[in-house]
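Read the structure below first, then the notes.
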Amino acid sequence: MDAADSDSHQDNDVQLIDTVKGNTVKNTKKVLLATLAAGSMLALAACSGNAGGGDGGSDGGLIGVAMPTKSSERWIQDGDAVKEQLEEQGFKVDLQYAEDDIPTQVSQIENMITKGAEALIIASIDGTTLTQVLQDAADAEIPVIAYDRLIRDSENVDYYASFDNYIVGVQQATSLLNGLGLTDLEGEPAADAPAGPFNVELFAGSPDDNNATFFWNGAIDTLQPYIDEGTLVVKSGQTDFEQAAILRWDGEVAQERMENILTSTYSDGSTVNAVLSPYDGLSRGIISALTDAGYSVGEGWPIISGQDAELDSVKAINSGEQFATIFKDTRELAAVAVDMAAAILNGEEPEVNNTEDYDNGVKTVPSYLLESQIVVKDNITEVLVESGYWTEEEING
Ligand code: BGC
């Protein structure tokens with residue numbers, strides 16, 4: 001959302017809040033998004049309770065919500081937000097976490113089907129492993145919404161709620177360029193940009209997560225011109241997705257890979273100046289590897305990116321260990337998925353804004369993509385505190 005857009009949303013806030021009392025699912029989402037963009041949480045209360053269809057909300061049907069793991073804070077925020085918003089609309093919720101174990105997630109979804117769930121909202125662990133259980137859902141006429149991560153290899157995925165994942169990757173790379181003094185946060189070249197060369201190392205997400213390649217492609221497309229002109233140098237030579245990928249987004253594996261790179265490539269007295277990390281949990285592992293190798297915050301400490309605005313990482317941005325993260329508001333994502341489920345159950349068409357980019361191998365899944373934001377030390381308060389995502393006390397505590 002550009003500045004002009006968000007201004008006009010702000011102007012329309014009051015009017016939109018009035019509109020939501022007219023009880024349409026679409027307007028509910030618009031109000032939520034507009035209001036969050038304007039930094040006000042007012043509409044959260046105003047919009048809840050309406051999208052379930054008419055005054056009384058839903059008929060209280062059960063919705064199954066499958067989340068990948070509690071080991072990462074963001075999924076806990078997602079699960080809580082989806083549950084709360086569904087309950088506000090009168091639904092019952094079966095919320096399950098699978099601790100990154102694929103058979104566990106499959107059996108949790110099977111259970112939801114057995115219990116008579118009317119719709120499923122699923123954030124998959126491995127996007128390719130749900131084909132059979134989704135066939136079972138389709139046989140029972142249960143609509144399926146892929147949450148944040150696209151579910152692949154199945155025609156039985158009705159809608160996809162996510163962020164613009166390619167742009168997330170662009171933002172991660174842009175935050176690195178900004179930290180190195182090469183661009184501003186919009187990616188515009190800095191007038192007084194240093195010549196470099198800067199040593200950069202690249203990390204990618206889990207290869208079984210459809211998002212990981214989107215993040216990678218967005219980031220690499222952004223960094224490539226700087227690599228081509230020699231301003232950035234990937235000194236390890238590890239420039240392929242396969243070399244950079246970290247299965248299940250595991251921070252310890254990222255730590256090990258960073259340790260290996262430091263030993264193999266930087267034992268000659270050279271230093272790493274920046275690390276592209278696609279997730280805060282990986283960034284924390286990378287930070288540990290650097291600290292153990294003798295780097296310390298201050299002169300010579302690398303610029304490190306991230307994603308999810310997890311609390312520990314926001315603190316790390318405050319203290320200078322991490323340079324940036326990408327904020328994806330889990331409350332907004334929950335609202336999109338909840339509105340999609342409610343619309344389908346009301347016999348309405350959910351609102352989508354992308355019908356081109358998310359081909360799951362069998363079909364292009366109609367999607368609603370939200371916008372994310374780069375967070376650096378200077379805008380923590382504006383982006384995270386003023387929107388009510390974290391409090392000042394949590395960040396400073
Ligand atoms: C999500 C990211 C998250 C990552 C690891 C991805 O699918 O889109 O927000 O950082 O999984 O949990």
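The values are calculated or read from the model by the stated rules, or taken from the named source; none is laboratory data. Given the structure is predicted, the values throughout are model-derived calculations rather than measurements. We place every Cβ from the backbone using ideal geometry, glycine too, and count neighbours over all the protein chains shown.
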All but one of (1) surrounded by fewer than 23 Cβ atoms within 10 Å (Cβ to Cβ); (2) hydrophobic (A, V, I, L, M, F, W, C); (3) under 22 Å from Trp249 (Cβ atoms) hold for Val157; which doesn't? (1)
Suppose we filter the stretch 138-163 for residues that are out of contact with any Ser or Thr (no Cβ under 7 Å at 6 or more places or on another chain) and either over 19 Å from Pro350 (Cα atoms) or at pLDDT below 95 (or both); how many remain? 2
Test each condition in (1) within 25 Å of Ala309 (Cα to Cα); (2) basic (Lys, Arg); (3) surrounded by fewer than 22 Cβ atoms within 10 Å (Cβ to Cβ) for Lys235 and report the one that comes out false. (1)
Go through (1) modelled with pLDDT under 95; (2) away from the ligand (no atom under 15 Å from the Cβ); (3) in contact with a Lys or Arg (Cβ under 6 Å, 6 or more places away or on another chain) and name the single condition Gly127 misses. (2)
Looking at the structure I just gave you, is Val338 in the same structural domain as Asn217 (by TED's automatic domain parsing) and surrounded by 24 or more Cβ atoms within 10 Å (Cβ to Cβ)? no
